[in-house]
Structure formats: C-alpha cells, structure tokens
Amino acid sequence: MPAKTTRSTRSSTGAAPHRSTSSRATSQNIDVPDETPDNPLRPQVAAVFREAQRTTASHRKLAVTLRKVQEACCYEPTAPKKPATAAAVDDFDEDDFNTEFVRCVLRVMPIKKSEGVGEKTIRFIGLFLRNAIDKDNELAGVMDGDASTMPETPATRLTTHLMETILPLLTAKDKFVRYRSTQLIAHIINSLDAIDDDLFHKLRLGLLRRIRDKEAMVRAQAVLGLGRLAGNQIEAEANSDGSDSDSDHEAASGLLEKLLEVVQNDPSADVRRSLLVNLPILPATLPFLLERARDQDAATRRAVYSRLLPALGDFRHLSLSMREKLLRWGLRDRDENVRKAAGRLFRERWIEDCAGTPPPAETGQPAEVSPPNIDALLELLERIDVVNSGVENGVALEAMRGFWEGRPDYREAMVFDDSFFETLSAESVFVVRTFNDFCRNEGNGKHESLIEEKLPEVTQVAFYLERYVKVLIDAIKRIEEQDAEEDEEADTAEQEFIVEQLLHMALTLDYSDEVGRRKMFSLLRQTLSIPELPDEVTKLTVTVLRDICAPDVAGEKEFCSIVLEAVADVHDTIADEMPGDNDDESFHSARSEVSGDSTPTRRGKSKTPELSEEDAARKAIKEIMINMKCLHIVQCMLSNVAGDLQQNDHLVAMLNNLVVPAVRSHEAPVRERGLVCLGLCSLLDRSLAEENLTLFMHFFQKGHTALQITALHILTDILNVHGAQLLSSNPTLLKVYIKALRSGAKHPEVQAAATVAASKLLLGRVVNDHDVSAELLKTLVVAYFEPASAGNQSVRQALNYFLPVFCYSRAENQDLMRCVALDALHTLYNVREGFDDDDADIDDEMVSLSTIAACLVDWTDPRKCYSPDSSAADAEKKHVNADVHLDFATDILDRLAGNVPKDEKKTLAALLGKLYISPASSPDKSRDAYAQICAAVDAQLLSDTAGRNALYKIHVSLGKLVNALDAAAGAGDARARGSGSGSGSVSRASSVGLGGGGPVPRPEAAPAGSLREVEIKEEEEEEEGDGDDSEGTVVRKSSAEQSLVSELLSEEEEEEEEL
C-alpha cells in the first residue's frame, strides 16, 4: 500500500491559471482545450511521453529528463552556459510547460482499457509528479514531511492544474474517458504524500459520484482513490486540534459508510476486491472486510487470506470464534486456490506470529522463516481451541494436515519421547495424533519411516492410554462427588480429549505384535466396563476392539461376546450401588442372563424400608442412566457388526433381553435409544425388518421431531439394505415419506431429513417401482419450488444438487421427470394461485411459472444426459436421441387440449418452442408427434400470439425432420424398384395432416426446408385473411396437384358421412 497522505490546511491561492469548467454532474459537452500553435517545447515534452509508453523500465530516467525541462521553464538559470535543451526552452515559462504537459495527458484519456500504453503513461505521470514535488521541496528548503502547511511550488501548481482539467472528464459520455480520468486521479492520489485542501474536497466529491457508475471498471478505479482518502481522513481526524473535528468526523464516517456499502453490495467482483485491499483496517471496517471470506468470487475470497489477513498483523488480536470461522471457511472452500491460501496463512504466517517472528517488510520481501518452535505450535493450537475444533470433522484436523505437508522442517524436528507422553496436554496429544495420521495416510507411504523412528510401539501406547484413562475417570468421579467448578469441568474435558486422541491413534496401529495386541485388548475390555466412561470414549473403545478382533465370523462373535460381557459388568457394577428394589422390570434380569447367570438376582425380593421421595427420584434417574449406558454400548457394537443376526447367538440374546424391553420401556430416552438399536438389528435380518416396519412407522406418526427424524433414518437404511420390495408391499410406507416431504411449514427439520432420504433412494435406484418413484419425484419437485420451503435452506440445497444430478445421470431418470413435470407444474400453479399471505409477496417467495417450466425442460434435455460413450457423445452433441422431448411435446398437447387455466396454458404453450428436436430420434415417434402438432395447428388450439409462435416453431422443426425421413424412405424405395420405373413416386406429405392427417402429395424436387417455409407463410396469410375460415396449413400446388387434393378431400368427406 502506498504511504499515507497528509492533508494540508493551506488555502490554494497561487495556482496557475487554467480554463474554467462546468460543475454540472452530467456534463454533456466537455470543454477540451484548444490546440495551441506548435512550439519548440512541445517536441521535447511529447518525446518523453512517447518513450514512457514503451516500457516502465525507463520511467525514472524519463522523469529526470522531463524534470530538467520543467526546471528550465520554471526557475531562473544559475549557470552562464546552458545546454542545447535548456536554450531551446529558455523562452518558455511555467504556464507553457503546464499547458504542454496537460496536453499530452489529455491524449491518454480516450485510450481503451485493453491498451497497455495507457497504464504505462499514467504510471509515469504519477512518478513524475511525485519526484517533481520532492525536488521542489528540496529546492525550497522544506524538509519536514509532516508540516501542517503545504508549500506552493511549480509541481504543486502543475498538480492542481492537471486535476482541475481532468475532473470534468469524470462525467464524460465515453466510458473509456471516464475510466482513464478516474484511473489517473486515483493513481495520483495514491502516489502523492500531500494534497491541497480545496483539491482534496473536489476529488472526493468527483470520485464519490463515480462509485455509482454503470461501468465496473470506472467504479473499481473510483474506490481505489476513495479508499486512500478515507484512510487519510481518519488519520487527519486523529491528529486534528478539534476545531473542525465534528465536520471532519461526519465526512469521514459518511465516506466509510458508502464504501462499506459498496464492498458488500457491488455486483462487480473487481470493485469489491479493490476495496478489500485498499480500505483502512479499522475496528469499524474489519468485520465487513473479513466477511468477504464468504464472497461469491473466488479471487476475492483468496485475497482475504493472501493479502488482507497477512496485512492485519498478529492474528491473536482476532476473537476465537473469528479465527475458527476464517479457518473453516478457507480450508473448506470449494476453490482449490482459496484452500491453498488459507493453509499457507496457517502454517506460514500464524505460526510465525506465535513464534514472535516480525511480519514481512512493506517491500514485499518475505521474512526469514524461523526455525521449528514446538512451543509456538502448541500455542497456535491453543489459539484455535483445539479441544473443540479438533474433534471429528473439526477444522483443526484439516489445518494440521496441511501444516505437516507444508512444513517438513517441523516433521523432522518433532521428538515424541517418554517425557512428551508423560506430560500430555490437549495440544500436544493432538500434535502426535495428526502427525501419526499424516505419516500413515499421506504421500503413498513415503512418510512411514517417520513412524518407525519417532512414534512408540503398541505396548507403550497401551500403557500411556491406561494412565490417562485412569486420570479421566478420577476427574469424573471427583466432579460427581462434589460441586464442580468451571475450571475442573474444563480440565475434565481436556482429559477426555486426550483419551480420545490416543484411541484415534490406536485405530491406526499395527497389531501384528501379539504382546502389544493382548495388552491393548485387555485394557480396552476393562475400560469398556467402567460405568463413568464418556459416550465418545465408549464409541472409540468399541471401534478399536472390533479392529483388534479378527475380521471373520469367529472374530465377530468374539467381539460381540466381549462387548456384551462389558454391558453386564456395567449394569452389575452400578446395580450393586443401589440398595433397593431391582426387579421393577425384566430389563435388569436381562443383564444377568447376558452375563451368564442362570437366574436373576433375588436380593431385590427382600423387603426394604420405603424410600423417600428424593431417594426414589434419584433411584429412577440412576436406572435410566443404567439403561442408557448399556444401550449406548450395544448401539456402538451393532454399528461395527455386519454378519447375519440369526447366526450369532449373542446378538439374538441381546435383542430379546435388552433391546426389546428397552423399546417397550415407559421412559422416553430409553425407548428412543432402544428404537435405534432395534433399527440396527433390523439391518442384519430381513425378517426382523419386515416385522418391525409398522413399529417404525408408528414412531414416525406419533413421535416428536427428533424421533420422527430417527424413524426416517431407520426406514431409509432398511430400504437401502433390504431393497425397495418392502416399499412396494407396504403402501403406508410411501405415505410416510410423502407426509414428511410435505411437512415443511410445521417441521422443517423433518422435511430436510425426508428430502435427503428420498433423494438417496431415487439416486441410488433403490426404488424401482415407476409409480412410487414418480410420486416421490413429483413431491420433491414441488418442495423445491413451493414457498413453504423458501426458508428451509437444507431442503433447497439438497434438491439443488439432487435434481440436476438425478436427471442428467440416466435417460430413464429424464423420462421419469418428464412423466411428473406437468403434474408438478399444475400443482405449483395451484400453490401460486392459492397463496394468501398478506405479509409476503408471492414473487418474493416463489419463482415464476415460466422459470419453473424452463427448469423442467432443462432437466429433461437429452443433450445434457450422461452417456457412457463420452467421446461419441461429444462428437455428436447436437444429434442425440430426443424421444423424451417428443413425448414431452405430446404430453403438453394433451394437457392443452383439456381444461387448463389461461396462465398455465400460456406457460405450457411456451414450452413447445423450447423442446429439442433431433434427427436422431425414433422415426415413429417423430411422425406421431408431428401428426399431433399438425392436428393442433389445424384445430387452432392456441389463440395467443406467443403460443402460436411456439407451436409453429416446433411445427417447422418437426416438419423438416419428417420430410427428411420421408425423402430418405422414398429414395430407398426407388432404389428397390430399380431405375427402370418411370412413374414418379408420391411420398406421404409431412407438412400438415389435412382432414385428420391424410396424405398430401408434394413435388419430389421440392426441398423439405423450402416447403416448410411456404407452408408457414401461407398459414400466416390465411390467419390474416378476412373471409377464409378453412383450417390447416395451405400448400401452394400446381393444377394437377389441386385435382388430386380435391379427390382426396372428397373421399375423406364420403368416409366421414358413412361414419
């Protein structure tokens, strides 16, 4: 960024005289200075400008040359002998030089943006003015750059004269003149250190008007200059003595508000990006600048990470939530360049901030990278709250993956010894976990040597895990025994995070070492039996256990046996702490059966003193916790099982003694978790799924929102696993999905879940019944456009992806869309007509019918459908089978022939002109569709002009196609009969079916295209005639053809009379 400009409080009194210009905003006639007579000074100034537009490398030398000419004109000579150049200009004064200088500048104004000479010349002008002002200040003896007054010198007078000449050009009619004048002013503003007060306000006003210019290139240059002026005003206000602080503050705030509005709402990405990198970084502007990380333009988003954030300084000044958002937005951006810029910012700039490395110099040279600093890395992870952002799908995982890849020096510097593991923190354990994941998963195994060198073996990891599990359980028990403070809860969360990361490491270890495998297996078995174990740790423990067990059927049975033993231990451990009745339900005795006891414990049968109300409530809560904990372990186990349920005795016993009683429980949390376990069991056995479909549908009908979503997930998984025959044999199941898809107004979350579920079923071709698929697809199309889903972005985003992908993936899918398109359009028409919300406008809540119809035609466009033979499809892109659009045209005509509202009829008629007609379509379908089009033309089906034009368009297209087919067929028949046949063959007329589509002969020599043009012309003449009421399209015929047509028409009339 250029240096800051310091405003002067001097009044401009001694500026060189110049031509006055009009101050109107819409200047139509710009006063261009008249061409002055040629003089010896002009060739010297013009020569400098001519050389300046060639290359920027010679600009400094040329600026010195032009400065000598200026000094010769403006200052008295000091040497008795003068060079030839000085002698040539000795008779000219300052005004003459200014006139010639401005004359050359004006020649730049009409140059187009694409011409590089304009850029080079403007850069030279800015360089010359800056050097001239510095030289004049030296000659005048003014060395203080921060002086409150600005000395009046030839260079400042030249600048004022130039700006006042250029300012009226800001309102020129020619866009390139406006662009070059705005560019010149902005460049001079960014080149100079000081500007006169009066000139400052004039420039500010002129540039403010240009931020609303219709040309984006003009607006982009305007905001470049205004960004500098805004920062200058803020700085001047901070340094002012308070005399004009109120007015200056209002002017500065007003300018900033306008620029912030532009950076948010300007349609041009170049304008927004220019402001992003030129606006001053202030507390008031920073939020608006950072939100450009979600800009529509990828280059603007990249500029946030590559230019704005590095210029911001230490990232630790940002709030924690903003750091996390910026990382998440950047690392998960859809543009690869944005992701690279965000990763580079994290591993190169933010780590250096934590290491205390000074930022890069303003010259643009990168600062020297500091050596690896482990403390800085740990601080960086702490600054992004790794405990919360380091969980699965957290942004810290992606950030560290890029960090390890981009910083090989840190990879080599890491040391994971015993002292490191004995003092683990949330940040350090995350470092070792991500390092392990990177070395195992990235680089195709080339980093695995680092694992052997730096990471401990399985037995050591098991000992470390055992130690930190004990620390975690002790912390949880300590919190339960006494009132927990906030610091203790945070410490417990950190300990839980440490255990989770160690378990993630255990998932990737090599268990070929039998000693380490046995140690890890026994540790996890004991850990799973701990009642206080958090849910996420339990889930990871079960997953690691399954990974240790063999992948075959025997290993799966062993895994189930171990987990169910742990379930029994959890129940018995907690039940022993409950002195009271333990046989309220059969649920408790089920644990004993699972654990191997032949009979339930009888301790609960003895008489005990009645419990107080508080103790009874505590007991009930404890029982719920027992059931929830056991069911959660079972749920984790079932998620890692894939075998047949009936072949595993442990699973059958668990189902009967644990899951079924839970589903029948009166406690809602237990019942809901039991429902999830029953759904997982149903995935392992088809008969169990068929038996419980009614139960799952009942939970959907009667449950709350979360339970409805769970039931939908279960039903969808069952259909995906066991096939859609269950859907066909249970019609009620389809109603469940339809009801969920239509529940957007009351339950938007349920509608979103149903949309994703139905999309998966259709896209995965799980549902293959035509009627069921059509009903689901129609409901999805209606949900995509109806106002009820306008605020449900989950539904809109899912369908925005699904509908095009579904239609373009298979031709059968396009045909299915064609089948439901008109019904969906009619439904949406009724929705639009029935909209009666007084607080909202239907046009704001729902797109127009024509837009909906255009989407339907686009989704059924056969040219966009995927073809397995991609090379052939690309070669013949314009000649693909378009039967789907021929059927679509037939459907539209059938609908138009019925009772259709006027607005809907107008929309349907317009679709006819948008359909794709291809010569690669089936000949029979082309002829059938053409016959119906001809009948519609004969019957004058459409009365409005737009509808008739659309009908005529498809009429002509199909006519040419059918004529070509008939010509080809006729040529084949002629070749078959031989060349000796002298009689002319009469082909079936394909122009218009006269009298119900009867054949009309046409001359063989007549080309199809010319025949169709004649037909349409005659048809239009017929409609414009006054007394002709005949229907159909009239073809111009010879006298012989007229008699033949008359005979055919008379025969058709006789047949009609007989009928």
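Residue 207 satisfies every condition listed in (1) in a helix (DSSP H, G or I); (2) open to solvent by 10 Å² or more (accessible area, probe 1.4 Å); (3) under 19 Å from residue 280 (Cα atoms) except (2). For the range 615-657, a residue qualifies if it is outside any helix (DSSP H, G or I) and either basic (Lys, Arg) or open to solvent by 10 Å² or more (accessible area, probe 1.4 Å) (or both), and the qualifying residues are 639, 640, 641, 642, 643, 644, 646, 647. Would you confirm whether or not the range 512-531 contains a residue that is in a helix (DSSP H, G or I), acidic (Asp, Glu) and in contact with a helix residue (DSSP H, G or I) (Cβ under 9 Å, 6 or more places away or on another chain)? So far as the range 512-531 goes, no, none of its residues is in a helix (DSSP H, G or I), acidic (Asp, Glu) and in contact with a helix residue (DSSP H, G or I) (Cβ under 9 Å, 6 or more places away or on another chain). Listed conditions (1) open to solvent by 30 Å² or more (accessible area, probe 1.4 Å); (2) out of contact with any Ser or Thr (no Cβ under 7 Å at 6 or more places or on another chain); (3) within 28 Å of residue 405 (Cα to Cα); (4) of a type in the set (A, V, I, L, M) are all met by residue 507, apart from (2). Applying the set (1) touching a residue at least 12 places away in the same chain (Cβ under 8 Å); (2) assigned to a helix (DSSP H, G or I) to residue 456 leaves exactly one unmet item: (2). Taking (1) modelled with pLDDT under 85; (2) of a type in the set (A, V, I, L, M, F, W, C); (3) not in a helix (DSSP H, G or I) in turn, residue 872 satisfies each apart from (3).
If we scan the range 286-305, do we find a residue that is more than 20 Å from the chain's Cα centre (by Cα) and surrounded by 19 or more Cβ atoms within 10 Å (Cβ to Cβ)?
no
Just name the residue that is most open to solvent (accessible area, probe 1.4 Å) out of those in the range 421-445 that are assigned to a loop (DSSP other than H, G, I, E, B) and in contact (Cβ under 8 Å) with a residue 40 or more places away in the chain. Filtering the range 421-445 for residues that are assigned to a loop (DSSP other than H, G, I, E, B) and in contact (Cβ under 8 Å) with a residue 40 or more places away in the chain, the one most open to solvent (accessible area, probe 1.4 Å) comes out as 442.
Filtering the range 892-905 down to residues that are assigned to a helix (DSSP H, G or I) and surrounded by fewer than 17 Cβ atoms within 10 Å (Cβ to Cβ), which residue is farthest from the chain's Cα centre (by Cα)? Top of the filtered list is 897.
Within the range 178-197, the residues that satisfy the criterion of being open to solvent by less than 20 Å² (accessible area, probe 1.4 Å) and in a helix (DSSP H, G or I) are 178, 179, 180, 181, 182, 183, 184, 185, 186, 188, 189, 191. Among the residues of the range 288-305, none qualifies, meaning not one is small (Gly, Ala, Ser) and either at pLDDT below 90 or more than 29 Å from residue 214 (Cα to Cα) (or both). Which of the residues belonging to the range 793-818 are open to solvent by 20 Å² or more (accessible area, probe 1.4 Å) and either in contact (Cβ under 8 Å) with a residue 60 or more places away in the chain or closer than 25 Å to residue 749 by Cα (or both)? Of everything in the range 793-818, those that are open to solvent by 20 Å² or more (accessible area, probe 1.4 Å) and either in contact (Cβ under 8 Å) with a residue 60 or more places away in the chain or closer than 25 Å to residue 749 by Cα (or both) turn out to be 793, 794, 796, 797, 798, 800, 801, 804, 805, 811, 815, 818.
Among the conditions (1) assigned to a helix (DSSP H, G or I); (2) open to solvent by 20 Å² or more (accessible area, probe 1.4 Å), the only one that residue 776 does not satisfy is (2). Of 941, 912, all but one fail to be open to solvent by less than 30 Å² (accessible area, probe 1.4 Å) and not charged (D, E, K, R); the exception is 912. The condition of being within 30 Å of residue 787 (Cβ to Cβ) and open to solvent by 50 Å² or more (accessible area, probe 1.4 Å) holds for only one of 694, 716, 732, 705, that being 732.
Exactly one residue among 273, 302, 334 is in a loop (DSSP other than H, G, I, E, B) and not aromatic (Phe, Trp, Tyr), and that residue is 334.
Do you know which residues across the range 118-133 are of a type in the set (D, E, K, R) and closer than 15 Å to residue 65 by Cα? Steps first, answer last, please.
Within the range 118-133, the first condition is being of a type in the set (D, E, K, R), and the residues that meet it are 119-120, 123, 130.
Answer for the range 118-133, where residues must be of a type in the set (D, E, K, R) and closer than 15 Å to residue 65 by Cα: just 130.
Of all residues in the range 744-762, which are more than 17 Å from residue 715 (Cβ to Cβ) and open to solvent by 50 Å² or more (accessible area, probe 1.4 Å)? Selection gives 745, 746. Note on the range 673-717: residues that are closer than 21 Å to residue 634 by Cβ, of a type in the set (A, V, I, L, M) and out of contact with any Asp or Glu (no Cβ under 9 Å at 6 or more places or on another chain) total 9.
Okay, residues lined up against (1) at pLDDT 90 or above; (2) in a helix (DSSP H, G or I); (3) among the acidic types (Asp, Glu):
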site: 710; (1), (2), (3): yes, yes, no
site: 727; (1), (2), (3): no, yes, no
site: 738; (1), (2), (3): yes, yes, no
site: 745; (1), (2), (3): no, no, no
site: 751; (1), (2), (3): yes, yes, no
site: 755; (1), (2), (3): yes, yes, no
site: 758; (1), (2), (3): yes, yes, no
site: 768; (1), (2), (3): no, no, no
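For the structure I just gave you, tell me whether residue 173 is in contact (Cβ under 8 Å) with a residue 60 or more places away in the chain and assigned to a helix (DSSP H, G or I). So residue 173 does not fit the description; no.
The values are calculated or read from the model by the stated rules, or taken from the named source; none is laboratory data. Predicted model only: the values in this text are computed from it and were never measured. Cβ: placed from backbone, ideal geometry, glycine included. Neighbour counts: every protein chain shown. Just the protein is used for accessible areas: all its heavy atoms, side chains included, with ligands, DNA and RNA removed. Shrake-Rupley method; radii C 1.70, N 1.55, O 1.52, S 1.80 Å.
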